[in-house]
Every structure is written in C-alpha cells, then in structure tokens.
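Peer 1: This is the structure I have questions about; it appears just below.
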Amino acid sequence: MNALARHRKLTAIWSSEPGWKGWFSTVNHSDVGRMFIVTAAFHFLVGGILAMLIRAQLATPHSAFAGPEIYSQLFTMHGTIMMFLFAIPMIEGLAIYLLPKMLGTRDLAYPRLTAYGYWCYFFGGAMLLISLLFGIAPDSGWFMYPPLTGRIHSPGINTDFWLIGITFVEISAICAAVEFTVSILKYRAPGMTLAKMPVFAWYMLVVSLMILTGFPPLILGSILLELERAFGMPFFQVELGGDSLLWQHLFWLFGHPEVYIIFLPAAGMVSTILPVMSSTTLLGYRWVVAAAVALAILSFGLWVHHMFTTGIPHMGLAFFSAASTLVAVPTAVQVFAWIGTMWKGSPTLRLPMLHILGFFVTFVIGGLTGVMVAVVPFDWQVHDTAFVTAHLHYVLFGGFVFPVLAGIYYWLPLVTGNRRFFRLGEMAFALIFLGFHVTFLAMHWVGLMGQRRRISTYLPEDGWTVINLISSVGGFVMAFGLTLVLIGILLNLAVRHRARRNPWRSGTLEWAIPRPSAAYNFASLPQVNSREPLWDNPVLPAELARGDGYLGDAATGRRESLMVDIATGKPEQLVIYPANTRLPVILAAVTGVFFVSLLVKIYVITPFAIAAVAALGWRWVWQLGSRQDLGDQPIGHGVLIPPIAEVSRPPGWWGSVFLLVANATLFGSLLFGYAFLWTIAPGWPPPAFMEPSLPTMLAAAGGVMLAAGGTAIAVRKNQNGSNPAVAISAALTGALGLVVAFAMMLWNAPPAAEHAYNATIVVLGSYGLFHATLTSLMVLFLLARQRAGYISQRRRGELSIVMVWAIYLFVVTGLIILAVYLPGLVG
Amino acid sequence: MLDPAGPAAHSIATLWWVMLITFTVIFVFVMALLALAFRPAGSGLVPAFAEKVWIIGLGLVFPAVILLGLLAYGLWIGERLMPRAGAEVTRIEAEARSWSWRFTYGGDASRTTQNVLHIPAGRPVDIAITTADVIHSFWVPRLAGKLDAIPGHINVLRIEADIPGSYAGLSAEFSGNGYDNHRFTVIAHGPEEWQRFLEGDQ
Amino acid sequence: MKDVLRILISPVVWLASFSAVYALHGFVCELDPGNSEIGISWIRIVLVAAFLFAAALQIVLLTLMYSPRFGSAPGFARSVSRASGWVGLVATVWTLFPTLAISTCAG
C-alpha cells in the first residue's frame, strides 16, 4: 500500500459525513475543535460589542444611551460571556484541536464526549444569548452576589438564566477536563515519556486538573442559589440561618483558579511558540513545568483576596495576602525563563512574536498591579473601582488574548495549509496594542480618582470626563484592530496560497501531519525519542505517511490508536474508537430539555428529561465493548498488546477516576458550606437537629456494604473464571436498599424552607440518593451486559469501572450519615 | 484616594506611591532585558547569562525579596489601621439599605441622621457597618479604605478626618438600579461644634 | 502515575494545611477560649502549633523526595518533584507566618 492509498483508506475510516450534516454527527477532535473555536470567536464578537456599548455609555457624563436596567445587563453579560463563553471554550477548542496532534496520536480519549461537551456549550450559550436578545439577561454583575441575586431582590427570570445556563455550559468544561487529563496521561505516541512531552501538554494537564477541582464549587454554588430561588431553601438568607458570604467563598474558590485556568494555557502557548520564534529550545523546561504546577496549586489558596473588604479578621486576610504575593514568584520564573530563552536564541519579529511582545508588556503590568491589589490596605481603597477592572483586563487580555492571537497566527498554516500574503496582521497588532493600553491605562487612573466599577453614569463635577472619553476612543481603536484580525483570518481561509509544511521550522509533532490536516492526523504513529522529533528526523512526516510507524496498515477498518504507560510511554492497550454518531447532540439536547424545564419552572417535564438522559446514557455505554475475546493484537514492529475491552483499566476506568475527583470536590464544597454556615452564619445552631433514625442508618449501612462488597466479590469471581452473576445481583439489591434508605432520610427531613440547616440536610440526602440510584443503574447494566455476553475473564474492564463508583458511594454514604445524624446524636 | 485627608488614607496613599515607583523601576528593568534579547548576535553588548541566573537569580530570589518586603510593609500598615479599643474612640452605627444610609449615634435609636454622617475631626471614629437588605459598602475615599455592609454581620471600620470639613462618601458594591447615586456625605466637626451636635442642636 | 503524584504532593499538602489553618482560625475565633497562663491567647498558641506542624510535614515530604527509597528515579521527574517539594515548604512558611505576629480575631 503506498502513501496515497493509505491516506484514502484512513480518510474513509476517520472523516465525518460530508456537508453540514456532518457537524451533527462528527466526533473527530479536529472537527469539534474547530467548531469550539468558531463558536467561541462568535461569543467574543458578542462580548466585544457589549464592551463597545459600555464604553459608549461611559464616554460622556449624564449619558442617556442606556438606563441602569439595560446597562446592568450589558456589563453582567460582557463579563459572563468573556469568561464562560469565550475564554474557557476557546482554550478547550484550541486544546481539543492541538493536543492529539502534538502528542502524536489520532484522537482524544473520548471522542463522543468531546462532541457532547461542544453541544452542551452550544445550547447553554444559546440560552444566555437568547436572554440577552429579549432583554431579560442576568443583571447583577458577573459574580452574582446574593442577596441581590436572591428571589426578593431579583424576582425576574434574569438570574435563573445565569445560574442554569452557566451550569449547563460548565458540563462542557468538566467533560473537556476529564478528557484532557486522561488523553495527556495515557494517549501519547510510543516513547513519549513525561519528560519528552511538549510543554503545552504539561500546561494543559495542570489546567485540566485545575478545572476538575476549580469548577465544582461554582457548580455547587449555582445549584444552591437556584434551589434558594426556586424552592426557598435559604442557604444565603441570613434571617433563616444562611449567609451571603457563603456564596462569595464558593464563587471565588472557583473564581480565582479560573484566572489561572485562563492564563496557564496561554502561557503554554508562549512556551511553545517563543522558542520556535527564537530558533532555540525553551530555557529551563523542568523549571517551567515545576512553576506551572506550583502556580496551579497556589492559585487555589488565593480566593479570599477578592473578599478583603468583607470584614474578615486581619490574620485571615494576612494569610491570603501572603499567598497572593507568593504566587507572583512562579510567574516570575516563567517570565524570566522566556526572556532567557530569547537571549539564548535569536528572536525574529514575525507576527506571532509581535503578539508575544504585546503579551510581555501587558502581562507584566497586569502582574505588577496584581501584586498591588494583593496588599491588603491598598485593596481596601481600590476594591470595586475601575482600577481593579483595569487590572483584570491587563491580566486577561495581556495574559490570554495576546498569546491566543499569537497562537492563531502560528497554527493557522496548520489548519488551513495556507500562508498570509497581506500585511494586515501587523497593522491589526499595532491598533490592538495601542488601543488596549490607551483604554485601560486611563481606566487605572480614573479608578484611583474614585470611579467605582459598574456605575452607569457619572457627573461632570466628578472630573472624569476627559479620561473616560480617551478610554472610550482607545476601546474603539482596539475593536477596529480586532476586526482586521478577523478579516485577515477569513482571507487566509478563502485565498489558496499554499504554505510549506513546517513554515516556522518547529520541532513538535503537530507539524508532521499531512497538510492541510487530515482527519486521522498520522497515517502511522511515530516512535518519539526527544522533545523535538522533527528536528531529530526531518523526513519523519514522509516516513509516517509511508506507514513506517505503529498501526500503519489500517487493516481492520476501525478507528484505532494507542494507550501508553504514563511514565515511560510504552504501548499498553489498543484503542478502538466509536465512529460518527448523532448520540452526543441528541443527549445534549435532552440535557438541555432538563435545564430548560428548570428555567421555566415546568417541573413535570424534569423527571422525563432525567429518565431520557439515563436511557441515552445506557445506550451510550452499551455501544462499546465486544462479545468475544480478541486476544492481543499486533500494532506493528512486532509488538502485541490487548485491546481496551480486555484490560482491567480501560479508558472508562481512567475517566471515572478523574470525574470522581471533580465529584468529590463538589461534595467537599458542600461539606465546607455546611461547616461554614455552622461557624460563621449568625442564625446557628438551628432550632432542632435531625432526629437520628436507627432504621435509616441500618438500611444505609447494610445497603452500601452489600453494594460495594457484592461488586468486589463479582470482580474477584470473574477474575477466577467463575460466574459473577449472583454477586452482581447481590450488589444490585444492596444499591437499591441504599436508594430506599436515602429516600427515608429525605422523607423524615425537616422542612427545607425553614432553615439553612434543614436545606443542607435535604441536599446531602439528595446527593446520596442520586449516587445510590446511579450505582444501582450501573450494577443493573453490568447484569445485563453479563447476560448478553459482554463480560468474560478477559473482558473485565466494566466490572472494575463499576467498582470505582461503588467505592466512591461507600465513602460518601458514610460521610453523609455522619454529617446528617451526628449533630442529633451528640446534641 | 490620591488626595488623602485622614491618617488611614494618608498611609495608603504613601503605600501607593512607594509601590508605583518600585514597580515602574521593575517594569523598565524587565522591558530592558526584553529589548536586549534583540541585540545583534556577537555584538558583545551584554554577556549571555546562565540558566541559573535567569531562573534562580531573576525568577526566584529577585521577586521573593521585593515581595516579602512589600508584604511586611502592607501587613504593618494593615495592623495600624485596625480598630483598637481606646478612650478617644467615638462609635457610630451605619445601616445601609437600597439606596440610603442611616447613621445612629451613641447607641441612641432616636439620635439618627439620613445620608449625612457627622463625626468629630481629629479623633478616631469607629463605624459599625451593617445592612438592611443587600450587600453595600461603606467608602469615604479621602478618609480610609472601604468595608462591606453584609446582612447579619457588623463590620467595624476605623476612620478619622484630620480637619473639619465635608467629605464625599459612596457605596461601593453594586446593588441594582439605584447604585449610581447611592452616596452620603461626611461632615467632620471641630470640638465645640461636635459637642453641640451631640447635644442635639443640629 | 507515581511520578505525577510525587510532583503534586507537596503543594497539595500545602493547600490542605493552608485551608485547614484558615478554617481553624475561623473556628477558634468563634470559640474564643481566652488567655493561657503565660499571657498569650490560646488562639495564637493553637494557630502557631498548627503552623509548625504544617511546616514539619513539609520538611518530612521534602526529605522523602531526596531519599533514594521514596524519591523518583534520577532525571526529569526527580528534579521537578524536588522543586515542588521546595515549593510546598516555602509556601507553608511564607503564607502561614502571619500566625506569629498578626492580630488574631476581629477587634
């Protein structure tokens, strides 16, 4: 088979359906990545237009352009769109598109999940845009502080759009994070050890772990606030034992890591592009990786610095002030590693480099003002003024938009196969850079003069007129520059002007794929021996196209790739991917029905939507696996490895583990909220504690032990070659018993609307009920799979996946029982 | 806040100027390093540095020294601005609601003013801040930093005006449609005038 | 996986102890147990003890990173895990030293 025949054959296997219909059924990472990027860019446009409206409003005093009702929607939606519908999805899109190519593999770990995440983002984003179109958009500021967002002060549907729409969108972030974590750890080219991974992959690994632990507090907060608004469960109402500060803690537990979730991928791009632009390698790769890890974890200890003015004792503030200054150190390590890289090499001022220089200037200023606001007394003055708004734009625009623009220009030839021929990009850069600094330097100044953020207008006597006008003019210059960028990209797509295969002479694997990129990425998978495989072997692309690498024969007609050992990169399992399917878009639509039913408060639909999600989920997992043992498969070069259906840790096991990390963070945040209300909220202790119920406790203990024990015995029996059916049935009985126990707990719970304690008990019980039901379904699934012949001594993976969930259920059940009944037992 | 009129605002303004100057120097230094990366090869203008110099010297030690100094300075100022008990301190209660402020003097519920806060000049005043509805924030930029009014909590802010006069006060936490004009005025009185105010002549 | 865990462990333990000390601070301020016989408030004694414990924990972790038995094999993972071990220790001292000097609860 020659290279062209192989290309045709692989394209037939991997490509999506032709035409627009293909958008709905594609699960290929290149397609979905591009869809993410285009949709995120559209949201950036909308958010940008909102920004222009804000600047138009503030350009003159006594502005009558928009009244406060409209203006509040403008700034709330500007922040919300830029954070949740532009920045995070843009990162997801870029990483979905690039990671498999950089890691030398053919797709991400869970192709259907990639598509499902996209559609959740698409539908959730559409919900928010529709609210904006009808003038009923969220209007309480993008961090949604209650009690302003509570039912009394915001009776309209506006706030619900935010809480429900954003939670819907967050599903895509969690999906992507699970996917990236598993893909980076397990789906790499053979021989790519941790030390030989492209530095961007390290950054994305760190970021994915951050999303898994950073987003759950926000998701929990949104759920609690929506429960308060919809059913009067008073988590944030001080008269009934709640506390509005709880929201601020949950929000910023998410919100601060969020800033680094946005910055770190951009830093990863700088670490990738800057050495190439300087014709050298990154200085201090190990140090940069260590700095990224340090930055990621430190960023979780900063959240209270958004709350310096809430009256927390000075020692509490001091902890967070210290942590907030400390976080500047690993940032400095990276900045100086980059500058050192430029010194080491010979930098040239090509277009991506211009944006990187824009990044340096802007981000260094943003970092320095960041250290300023980390100093507590200074923050007391500038908190909630335009100074802080200016600072955050320096960090986010400098630390994200400039690197992303650099990245877009850098990888554009990879996507389109074309090169630029107009010099539009340089002009655009000049306008953006100039416009940005004029806008936001002015904003620092006016903030120091006392302009609060979020005011809709001001008086001529305030003396801010000229500065605001300058700031607005700068804003429009920047918008003009960004429009030129868009035009330049469209021209690049439209005009065929072929680029060389590796125009920047980069060393990483994404430049080894056919040009323009093929659906299968690599005709055969490379053996990697260094961080710059293309520099070691310039003819590598041709060798791969010839089928010299692994999996080069495309014989089976299936989408195949490899899973490797985390540390050594040795091939471990043969991956067989699912092909094109509409299941993801249908599942996302049904998930959307669930969220819309909550939004419009037609709760009769909700249970049907949940049942439909469960049924589709069942179908989703049923499609995988095989009814016969295939045995170890050849992957080329004489290597034999088992397919993923015949290992004890299949992709689903890894995915479950990392999904449970996020889930555990959500549960941990709930326990944190409980403890927080207990110690800080004024209305505690509650009038009465939950009466300990012996039958419930016994049923729960018995049920969960039977469920976990039964699953464990089933795993063991199957391992020894005997029939696990009886043990699985026992596990099912136990799980169902646990469902009954949690139902009893909820039945006996005190009225949730009367006190935050009662409401917390109900949420804890519901969490238990949900997981007991979920595990029951999983065990039932196992039973059905066993009957249908999908499980054998070799095909044991599904058992070990359910085992993970059963262990998790065991742990949370214990904690819930303690949290619910212990106060009643002791008090 | 750049035109301070009380001890707290003074020390914060000084802190600002110190940080501005230090950070401008740092910024210029970093930009110079960046510009020097483009020096022509072999010009011998500046010698190349080793990896250790970049990472440990510039990346770790340099920021750590500056940050620790700044942190200590900031915490020291913060400690001084804490409201501590003392004979000289006047206590006034402030309750925010959408969109007004009510100030109560000497714990006497009948002795209140709306949207105008009277304080003695040249003496420390503790404002006990709370709210009747949503979160607001008490801020007199020329006198001190801000502190939030949070439902169910009472936060105490120490303010002091150097000389008698009138100072603009703001609520600095977004609170809905009336937020733009959620303002109040602080009037600082000399000793005799303050005595007269307390006796109810105003 | 073990290499990844070794790289993450020290900073994660910092995060846990940092959050725990902050929570402990909220908790003891709520209890307000008064002064000990030697004239220092119990609050400070408890918090400083927690600080020292957290720092000791980090020293143990750092020692493990340097020990041939528990540390990574020579190379990339070893240098990164040692660096992050130092990050954990420095972060603990840097962020929790306020327990020594700053006023504890609201005045």
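Peer 1: Magnitude of the Cβ-charge dipole of segment A:379-505, K/R +1 and D/E -1, about the Cα centre, nearest 20 debye?
Peer 2: My answer is approximately 1120 debye.
Peer 1: In addition: What is the Cα radius of gyration of segment B:7-81 over 2.2 N^0.38 Å, N being its residue count?
Peer 2: Rg over 2.2 N^0.38 Å, computed on Cα atoms: 1.52.
Peer 1: Let me ask something else about it. Please calculate how many Å² of accessible area chain A carries per residue, with a 1.4 Å probe and no DNA, RNA or ligand atoms counted.
Peer 2: Roughly 32 Å² per residue, with all protein chains present.
Peer 1: Which value, in Å² and to the nearest 10, is the accessible area of A:Leu224 when all protein chains are kept and the probe is 1.4 Å?
Peer 2: 10 Å²
Peer 1: Points 7 angstrom from Cα along the Cβ direction at A:Leu640 and A:Val726: gap in nanometres?
Peer 2: The two pseudo-label positions are separated by 3.5 nm.
Peer 1: Taking every pair of Cα atoms in segment A:684-752, average 1/r, invert it to obtain the Kirkwood radius, and report Rg/Rh to two decimals.
Peer 2: 1.22
Peer 1: Quick one: what do you get for segment C:2-101 if you divide its Cα Rg by 2.2 N^0.38 Å?
Peer 2: Scaled against compact globular proteins, the figure is 1.28.
Peer 1: Using amide H atoms built in the peptide plane, which far-off residues or other-chain residues are under 5 Å from A:Thr385 H to H?
Peer 2: Distant-sequence amide H within range of A:Thr385: A:Arg453.
Peer 1: Something else about it: Over segment A:470-610, one equal point on each Cα, no solvent: what is log10 I(q)/I(0) by the Debye formula at q = 0.12 Å⁻¹?
Peer 2: Cα-only, vacuum Debye calculation for segment A:470-610: -0.86.
Peer 1: Counting every Cα pair in segment A:1-147, what percent are over 25 Å apart?
Peer 2: The share of Cα pairs beyond 25 Å in segment A:1-147 comes to 44 percent.
Peer 1: Between A:Ile807 and A:Arg558, what length comes free when the chain is fully extended (0.36 nm per residue of separation minus the Cα-Cα distance, one decimal in nm)?
Peer 2: Extra length from A:Ile807 to A:Arg558 when fully extended: 86.2 nm.
Peer 1: Size of the dipole of segment B:64-202 about the Cα centre, Lys and Arg at +1 and Asp and Glu at -1 on the beta carbon, nothing else charged, in debye to 20?
Peer 2: Approximately 220 debye in magnitude.
Peer 1: How big, on average over all directions, is the shadow cast by the Cα convex hull of segment B:90-198, in nm²?
Peer 2: For segment B:90-198, the mean projected area of the Cα convex hull comes to 6.0 nm².
Peer 1: Among DSSP beta bridges whose residues both lie in the protein assembly as shown, state the antiparallel percentage, nearest 5.
Peer 2: In the protein assembly as shown, approximately 75 percent of DSSP beta bridges are antiparallel ones.
Peer 1: Work out which residues of segment C:4-20 lose at minimum 30 square angstrom of accessible surface when the other protein chains are put back, relative to the chain isolated, with a 1.4 angstrom probe, and list them by number.
Peer 2: Correct list: C:Val4, C:Ile7, C:Leu8, C:Pro11, C:Trp14, C:Leu15, C:Phe18.
Peer 1: Also, I was wondering about something else. Please state the Cα pair-distance histogram of chain B with 5 angstrom bins from zero: what percent is in each bin?
Peer 2: 1, 7, 12, 15, 14, 11, 8, 6, 6, 5, 5, 4, 3, 2, 1, 0, 0
Peer 1: Using the Cα atoms of segment A:584-740 to build a convex hull, what is its mean projected area in square nanometres?
Peer 2: It is 15.6 nm².
Peer 1: Another one. What is the angle, in °, between the Cα long axis of helix C:76-96 and the longest principal axis of the Cα atoms in chain C? Nearest 10 is fine, range 0 to 90.
Peer 2: 10 degrees
Peer 1: Ignoring ligands, DNA and RNA, what accessible area per residue does segment C:2-101 give at 1.4 Å, in Å²?
Peer 2: For segment C:2-101, the per-residue accessible area is 49 Å².
Peer 1: Hey, another quick one. What's the lysine pair count for the protein assembly as shown at a Cα cut-off below 15 Å, pairs eight or more apart or interchain?
Peer 2: Final tally of qualifying lysine pairs is 7.
Peer 1: Past the 17 angstrom mark, what percentage of all C-alpha to C-alpha distances in segment A:685-826 do you count?
Peer 2: Roughly 58 percent, rounded to a whole number.
Peer 1: Once you charge only the Cβ atoms, +1 for Lys and Arg and -1 for Asp and Glu, what is the size of the charge dipole of segment A:685-826 about its Cα centre, to the nearest 20 debye?
Peer 2: Dipole size: approximately 860 debye.
Peer 1: Counting protein heavy atoms only and a 1.4 angstrom probe, how many square angstrom of accessible surface do chains A and C bury in total, to the nearest 100?
Peer 2: Summing both sides, the interface buries roughly 3000 Å².
Peer 1: Something else about it: With unit charges on the beta carbon (Lys/Arg positive, Asp/Glu negative), name the residue among C:Ser84, C:Ile40, C:Leu15 whose Cα is farthest towards the positive pole of the charge dipole of chain C.
Peer 2: Highest projection toward the positive end goes to C:Ser84.
Peer 1: Using just the Cα positions, wrap segment A:311-453 in a convex hull and report its mean projected area in square nanometres, one decimal place.
Peer 2: 10.5 nm²
Peer 1: With the radius of gyration and the Kirkwood radius both derived from the Cα set of the protein assembly as shown, what is their ratio Rg to Rh?
Peer 2: 0.96
The values are calculated or read from the model by the stated rules, or taken from the named source; none is laboratory data. Note that the structure is predicted; figures quoted are calculated from it, not measured. All Cβ positions, even for glycine, are placed from backbone atoms using ideal geometry, and neighbour counts span all protein chains on display. SASA here: full protein model, heavy atoms, side chains in, ligands and nucleic acids out. Shrake-Rupley method; radii C 1.70, N 1.55, O 1.52, S 1.80 Å.
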